[in-house]
1. Suppose we filter Glu256, Glu232 for residues that are more than 19 Å from Leu337 (Cα to Cα), charged (D, E, K, R) and either in contact (Cβ under 8 Å) with a residue 40 or more places away in the chain or in contact with a His (Cβ under 8 Å, 6 or more places away or on another chain) (or both); which single one remains?
2. Looking at this structure, is Leu139 at pLDDT below 85, of a type in the set (A, V, I, L, M, F, W, C) and not assigned by TED's automatic domain parsing to the domain that holds Gly307?
3. Pull up the range 32-67, narrow it to residues that are surrounded by fewer than 19 Cβ atoms within 10 Å (Cβ to Cβ) and within 30 Å of the chain's Cα centre (by Cα), then point me to the one that is nearest to Lys2 (Cα to Cα).
4. Suppose we filter Gly262, Gly268 for residues that are in contact with a Ser or Thr (Cβ under 8 Å, 6 or more places away or on another chain) and more than 25 Å from Ser164 (Cβ to Cβ); which single one remains?
5. Being modelled with pLDDT of 85 or more and charged (D, E, K, R) is the filter; apply it to the range 74-109 and report the residue that is farthest from His119 (Cα to Cα).
6. State all residues of the range 306-328 that are more than 15 Å from Ala117 (Cβ to Cβ), small (Gly, Ala, Ser) and part of a helix (DSSP H, G or I); if no residue qualifies, say none.
7. Can you find, within the range 71-121, the residue that is nearest to Asp61 (Cα to Cα) among those that are touching a helix residue (DSSP H, G or I) at 6+ places or on another chain (Cβ under 6 Å) and part of a loop (DSSP other than H, G, I, E, B)?
8. Somewhere in the range 101-108, is a residue surrounded by fewer than 16 Cβ atoms within 10 Å (Cβ to Cβ), under 26 Å from the mean Cα position of the chain (by Cα) and of a type in the set (Ser, Thr, Tyr)?
Amino acid sequence: MKRILFVDDEAPLLEGLRNALRRRRKEWDLHFALGGEAGLAALREGAFDIVVSDLRMPGVDGVAVLRRAREERPGAIRIVLSGHAEMDLLMRALPVAHQYLSKPIETARLQGVLERACHMRDLMQDEGLCSVVGGADSLPPLPRVYTVLTRMLADPKVSLRDVSQVVEQDVAISAKLLHLANSGLFGAGQRLMNVQAAVKYLGTSIITSLVLSAEVFQLFQDAPHTRRSTLERIHQHALVTAKLAAQILPHRESIEDVYAAGVLHDIGYLLLAARGHEVRSPYEGPTQPVAEPEGPTHAEVGGYLLGMWGLPVEVVEAVTGHHRPLAQLNGRGAIHLADLLLHDPPAMEGEMGTLEALGLARHVQRWRALAGELLDCREPPGGGGSDGDDGNRSTPAHALRRR
């Protein structure tokens, strides 16, 4: 039975949580602490698998509670459940929290988050996985700009200007975002001179995925035993895979999740490299296979990290299973097909029987053409020259934009 601690300075909120989760008492050992001091006392009395804390509390704030939770049990999954919090408080919480939830939260969503957190705790008992990626205490925190953006976008009143200002706070991310937005991959057909123009053109969901992708690759850029050009090849492949998967998937309402899964589907390679494993890009040719440790694959390692970060279960499952054979054309299936079309076209023949059974074989020729166009839009490792030559690159037939 998983032990879960909730810490908040609002008694009615804790009572509401107690009532909402009453039916799960046979599965979860639930504890509720009124305020930060009570939270620290509860942590002194026993270890918890999951700690959910507010940030803004008088006296002892949520950062102190989560920091103590990390000290008492490094493998505990630490979740922020908070309303509006000052930026400096949120920034202090980044190194000690795995996930961030905003108040108010629907019971069903909270239960889903806790169920996934319990699943992640179970995965952490896998000795092979833990030996490769380390425990929850040693994983990198969810990137800063992405964290702020996702919290901001939960507010329906947020404006494009607000989103742009958050991105512009990080000069490196802003430059990377503008570089990508002006590349042939997105086919703007015009020069996007500032972040606000890029946000308006691409849409907030795509911008958010691109920001996370850029931050993730910055996070791992100094990984040992891995060349910068290798990381750039993996990043380029991730971007074109996301674009192609979004074109393959017929269910437009799933585009945001499949795009996020696409840009992150090979993140496991980066975490392996950060843990000292030599990783060579699988996109440099058949004579240079990827070096992976015995045990968990890069897909499983990547899914584990994204699960700890609290990304949607659809994203985590698509990343974890993107090398499994096609069963249906969902998000995972779209990433799998896009990966094959771009990286291993002959292997598509092995999926033709399933595609025939699903009535999708007639689309393969169009998908191959799209893959060719997107490969033409890639930039060579090392930045691909100046930004001024975008007009000479071919433009994808279908630029992915938020409708």
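The values are calculated or read from the model by the stated rules, or taken from the named source; none is laboratory data. Nothing here was measured: the structure is a model prediction, and the numbers come from that model. Every residue, glycine as well, gets a Cβ built from its backbone with ideal geometry; the counts of neighbours run over all protein chains shown.
1. It is Glu232.
2. yes
3. Ala47
4. After applying the criteria, what remains is Gly268.
5. In this case the residue turns out to be Lys103.
6. If the condition is that a residue be more than 15 Å from Ala117 (Cβ to Cβ), small (Gly, Ala, Ser) and part of a helix (DSSP H, G or I), then Ala318 is the only one that fits.
7. Filtering the range 71-121 for residues that are touching a helix residue (DSSP H, G or I) at 6+ places or on another chain (Cβ under 6 Å) and part of a loop (DSSP other than H, G, I, E, B), the one nearest to Asp61 (Cα to Cα) comes out as Ala97.
8. Among the residues of the range 101-108, at least one is surrounded by fewer than 16 Cβ atoms within 10 Å (Cβ to Cβ), under 26 Å from the mean Cα position of the chain (by Cα) and of a type in the set (Ser, Thr, Tyr), which makes the answer yes.
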